[in-house]
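First comes the structure, then the notes that go with it.
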Amino acid sequence: MGIEVTNISKNFKDFKALNDVNLKINTGELVALLGPSGSGKTTLLRIIAGLENPDEGNISFDGEDLTDKKAQDRNVGFVFQHYALFKHMTVFENVAFGLKVRSRKYRPSKSEISQKVSELLELVKMRELADRYPSQLSGGQRQRIALARALAVEPRVLLLDEPFGALDAKVRKDLRRWLRKLHDDMPITSIFVTHDQEEAMDVADRIVILNGGKIEQIGTPEEVYENPENPFVYNFLGNVN
Ligand code: ADP
């Protein structure tokens, strides 16, 4: 059970952004996609999310083939580097919006929304700031709201594209610890894109190293660092550290 990426290829004109990528992620895992700029990390994430169609290959969740399903029918939560919060909505309304778009079939009552938003804000430690607008929040606080909104859909998979990239070091560390704890406390599967090796090392159960649209190595942080499988991985990890 989990996410299965099978023989995924994606071209942009003549450029092979992904070249026959295969990957299995178990339910509950927190996986980091690591690799140089342009290696295909975001493209892979977007294909798993359903925001981009692959030219070849399949994506399945828990054995269900989702390759032809739209993003909104995949039950994924998505967090981008630049918090895409609605400026004219309060913190409460931003998170409530996440609940309302959850499903065409699911129509929560006002009190259910209020209860659920409170729980989500509690989870990201933002309850006191419910009435603020995004412009009144720090970067870290905005990203907490983006996380709460992504979790509002009760996603089976949480996909994060450089989620903490724009934040300062201390806030980055706090939020990645929070993400780790969320995994330890809740049954959720997450994939996050990062170019920060320390971040990947610190929180991921497994690291996927991409290069030129191909996976070079998959393993736990210890496996990848202690036993790089090829010269690329060795140099990539060694040069930056
Ligand atoms: P990464 O996230 O590892 O930096 P990306 O997945 O964003 O890499 O991009 C991989 C390659 O595909 C890059 O060379 C990028 O320029 C190219 N690419 C990504 N999206 C598009 C697009 N929509 N149109 C054309 N080229 C793209």
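Here segment 117-133 and segment 1-38 have alpha carbon centers that stand 34 Å from each other. Comparing segment 132-241 with the 2.2 N^0.38 Å rule of thumb, its C-alpha radius of gyration ratio is 1.18 (two decimals). Each of Q143, S111, G213 was placed along the dipole of segment 81-222 (beta-carbon charges, centred on the mean Cα), and the one lying farthest toward the positive end is S111. The modelled label-to-label distance between S114 and D131, using points 7 Å beyond Cα along the C-beta direction, is 1.4 nm. Over all pairs of different C-alpha atoms in segment 85-155, the reciprocal of the mean inverse distance, the Kirkwood hydrodynamic radius, equals 11.8 Å.
Kirkwood hydrodynamic radius (Cα pairs, Å) of the chain? Could the numbers behind the result be given before it?
Numbers: mean 1/r = 0.0540 Å⁻¹.
Mean inverse Cα-Cα distance, inverted, gives 18.5 Å.
Go ahead and set up a Gaussian network model of the chain, Cα springs under 10 Å, then flag whichever of E56, E93, E64 fluctuates most. Between E56, E93, E64, it is E64 that shows the largest mean-square fluctuation.
Specify which residue in the list A152, V124, V91 is farthest towards the positive end of the charge dipole of segment 85-155, using unit charges on the beta carbon of Lys, Arg (+1) and Asp, Glu (-1), about the Cα centre. Farthest towards the positive end: A152. Taking θ as phi - 60°, what are the ³J(HN,Hα) couplings along segment 209-218 by the Karplus curve (6.51, -1.76, 1.60), each to the nearest whole Hz, with x for Gly and Pro? So the Karplus estimates, Gly and Pro as x, are 9, 9, 7, x, x, 10, 7, 8, 7, 10 Hz. From the P(r) of segment 41-118, can you give the percent of Cα pairs sitting at distances over 19 Å? Value for segment 41-118: 50 percent of Cα pairs lie more than 19 Å apart.
Given +1 at the Cβ of Lys and Arg, -1 at the Cβ of Asp and Glu and no other charges, the dipole of segment 85-155 around its Cα centre is 300 debye to the nearest 20.
Taking the Cα centre of each part, how many Å lie between segment 141-155 and segment 196-241? Centre-to-centre (Cα) distance: 28 Å. Rounded to the nearest 20 debye, the dipole size of segment 8-146 about its Cα centre is 540 debye, using +1 on the Cβ of Lys and Arg and -1 on the Cβ of Asp and Glu. In terms of the mean number of neighbouring beta-carbon atoms within 10 Å, the peptides 130-139, 191-200, 69-78 order highest first as 191-200, 69-78, 130-139. The label point for N11 and the one for Q72, both projected 7 Å from the Cα toward the Cβ, are 3.2 nm apart.
So which of K125/K170; K100/K181; K41/K173 end up more than 24 Å apart by C-alpha?
On the way: K125/K170 16 Å; K100/K181 26 Å; K41/K173 21 Å.
Correct reply: K100/K181.
Please work out the FRET efficiency for the pair K214 and A84, using the Cβ-Cβ distance as r and a Förster radius of 30 Å; give the result to the nearest 0.05. Provide the component values of the computation, followed by the final result.
Values: r = 30 Å, r/R0 = 1.00.
That gives a FRET efficiency of 0.50.
By how many nm would the segment from D65 to S37 grow when fully extended, if each residue of separation counts as 0.36 nm and the alpha-carbon distance is taken off?
Contour length minus the Cα-Cα distance gives 7.1 nm.
Once the Cβ-Cβ distance between E226 and R177 is put in as r, and R0 is 30 Å, what FRET efficiency do you end up with, to the nearest 0.05? Calculated transfer efficiency: 0.80.
What relative contact order, as a whole-number percentage, does the chain give when Cα pairs under 8 Å and 6 or more residues apart are counted?
27 percent
No lab work stands behind these numbers, since they all come straight from the coordinates. All values derive from a computational prediction rather than experimental measurement. Counting neighbours? That spans all protein chains shown, and the Cβs are built from the backbone with ideal geometry, glycine included.
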